[in-house]
Each structure stands twice: as C-alpha cells, then as structure tokens.
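Okay, structure first, notes after.
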Amino acid sequence: MLVFFLCAALLFLPLPKELGRAADFDCIWEDGSHTRERFSEVYSSLAGAGAEGVMLFKDGKRGRIEAGEDFFTLVSALDAGSLPELLSLRPVLSRPERAAIGLSYGGRGYYDGEFFAWLGDRFARTSRTVFPEVFLMSGSLRGGVLAASGAETLFLGGTCELTGRALVGSAVSEVRAAAPFRAEKDAVYRDTAGGVRLVAALPGASSLTVRADFIDDDAFAACAQLLSLDLCGIPAWAFGSDPFEGCKSLRYLHTTLSYPGPVGEYRRSVAPCGCYIYEVLR
C-alpha cells in the first residue's frame, strides 16, 4: 500500500527537466534580449549589485536580473552605512541576489568603534580586521586601524570624524564621501557654516593645491610623499599647530605663513600674490 501511495504522489511531481527549468533565472540584456540561465551560469557572469538589480556581464554585454524589495532595501542601507538599520535587517534573498551582494559588499568593513560586515545572511560584528574597503560610519578611527586593514578605499558617513592622523601608514588612495565631506583629488574637505576645512590629505599625494578656509591640525600628517604644496591665500591664523608635521619629503611650499615650521633648510621668496615661496634645500 505504501508503494502505491508513493507512486501516486510521483505522478503529481514535475519531471526532472521541469525542476531544472524552475531554478533558471530570467536575464535581461542591454540589447533587449532575454535568456534563461542556471545559477552556475549566472554566477560566472556576476558584475555585482546595482540600482537595477543583479548586474551581469557576459560575452561583452551588460545585463541584469530583476531583484526584490529586500534586495534594494539592503543595498540602500549598505550604501548609506546606517548601523541601526543594517543590524535590524533580515532580508530574504534569492541565490543571485545573495551572490551579487557578496561580490559588491563582502569585502567592505564597516567601522563604528569596531568592525561590522555583511556575513552572507546578516549584518553583524566581525573579528575580521583586513578589508580592501573601509566605511567609517560614525565616530572616529583609532590610530593604526586603517593601516592594519590594508584598505585602499575609504568611505565616509555624514556623521563621522576624520583626521589626517588616521591615515598615517595606510594604503588609502581613494575616498568616497557623504555630505558634509567631499573628496577632491588627494584631499578631503568638510563644508561647515564657517567655511571649508581641509580635513586630511591622502598618503600618496605628491603634489597638492588646496583651496580652503581652514587647515585642520594634522591634515598633512600622512603625507610623507608630498613634494609640492600650494596653500595660496589661506590666512596664517587659519592653520592648526605644526601644520606640516609628516611632510618629510616637502620641496616646495606656497603659503601665507612667515615661518613654515621645521621643514628643513630652505630658501624663501615673495610670490606675486604676496604669499611666501619656500624652496626646501635638504
């Protein structure tokens, strides 16, 4: 009797081929064509998570798989770096959605006094400290955290605090910032009611022209490779203490300061704008 019921049940199950089709995913390509792809094929074509869903690239063509609401909510939260929201999310994701999120965000460490990360099914604390990307959500970075992480890209949330000293020894070469911060070339600025502050210059900067109203105390602390620095017009009172600490390679300085601090032996002249030009002779 048991065998009879099992055989009867099998009549109502889809054939193996149909089961395979049910697991396929509809891929929409930039030329307007559609294909049905198994997950293994989708995985090999993944280009990450984007505003249009799961992004694909195959045979020179861009494509996408449409995604659900949970996917877009999670992407938005990961891009914004909102810790309370991220900790509260328990998204239900398809296999392509989960893989795309992992590709785009799995290598990003989110820092708020300690590291958090997307762990594949949830956002949580992590003991991992090495990441190619670091997102500073709020608060500040302890000295050495960025250097130890090996990160080359730094994301700044709107409520965080960045100092030049946090970049000392780091490999950061790119900054992506939310207001009131903004990144221009090798410098990070903060827009305030009182004017524009230079917050930090990146470690790899070799030549830098700064247009700001204020220079933070340790803005150049990480700039061991900086050769040329143009600060034309920034008033002397707007500099922090020991502003060129860390500038061990500086050869040319254009500034209103009548004394540049301990930059080494130099030759001073007056520029047409009225600023001083310091040519460091060491």
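Reducing the range 98-165 and the range 194-243 to their Cα centroids gives an inter-centroid distance of 25 Å. The tail of the calculated P(r) for the range 20-70 beyond 15 Å holds 39 percent of all Cα-Cα pairs.
For the chain, carbon and sulfur atoms together expose 55% of the accessible surface, with a 1.4 angstrom probe and every protein chain in place. Roughly how many Å² is the accessible area per residue of the chain, as a whole number, for a 1.4 Å probe? Accessible surface, normalised per residue, equals 52 Å².
Relative to the longest principal axis of the Cα atoms of the chain, the long axis of helix 95-105 lies at roughly 10 degrees.
Using Cβ point charges alone (K and R +1, D and E -1), the dipole size of the chain about the Cα centre works out to roughly 460 debye.
Cα-based values for the range 195-262, radius of gyration first and Dmax second, are 10.5, 29 Å. Here's the list of aspartates and glutamates a cross-link from K248 could span, going by alpha-carbon distance under 15 Å and ignoring same-chain residues fewer than 8 apart: D218, E265, E279. Every Cα-Cα pair of the range 143-282 was included, and the share exceeding 26 Å stands at 20 percent.
Its Cα gyration tensor gives the range 77-122 an equivalent ellipsoid. The semi-axes, each the square root of 5 times an eigenvalue, are 18, 12, 8 Å from largest down. When you count the other C-beta atoms within 10 angstrom of each residue and take the mean per peptide, 213-224, 80-91 line up highest first as 213-224, 80-91.
All Cα-Cα separations within the chain were binned at 5 Å from zero, giving a P(r) of 1, 5, 10, 13, 12, 10, 9, 9, 7, 6, 5, 4, 2, 2, 1, 1, 1, 1, 0, 0, 0, each value a whole percent of the pairs. Segment W29..S258, full-extension length gain: 76.2 nm, with 0.36 nm per residue of separation and the alpha-carbon distance subtracted.
Just how many % of Cα pairs in the range 121-221 lie over 17 Å apart, if you round to the nearest whole percent?
49
The length gained by stretching the chain between F39 and R125 to full extension, at 0.36 nm per residue less their Cα-Cα distance, is 28.0 nm. In straight-distance terms, cross-link reach from K58 covers every one of the aspartates and glutamates whose alpha-carbon lies under 13 Å from its own, apart from those fewer than eight places away in the same chain; here that gives E30, D31, E37, E41.
Pairwise Cα separations in the range 65-197 fall into 10 Å bins from 0 onward with the following percentages, short to long: 12, 43, 31, 13, 2.
Overall, the range 97-207 carries a charge dipole of about 140 debye about its Cα centre when +1 sits on the Cβ of Lys and Arg and -1 on the Cβ of Asp and Glu, all other atoms neutral.
The values are calculated or read from the model by the stated rules, or taken from the named source; none is laboratory data. As the structure is a computational prediction, the values presented were derived from the model and not from experiment. For neighbour counting, all protein chains shown are included, and Cβ atoms are generated from backbone atoms with ideal geometry for every residue, glycine included. Protein only, heavy atoms only, side chains kept; ligands, DNA and RNA dropped before computing areas. Shrake-Rupley method; radii C 1.70, N 1.55, O 1.52, S 1.80 Å.
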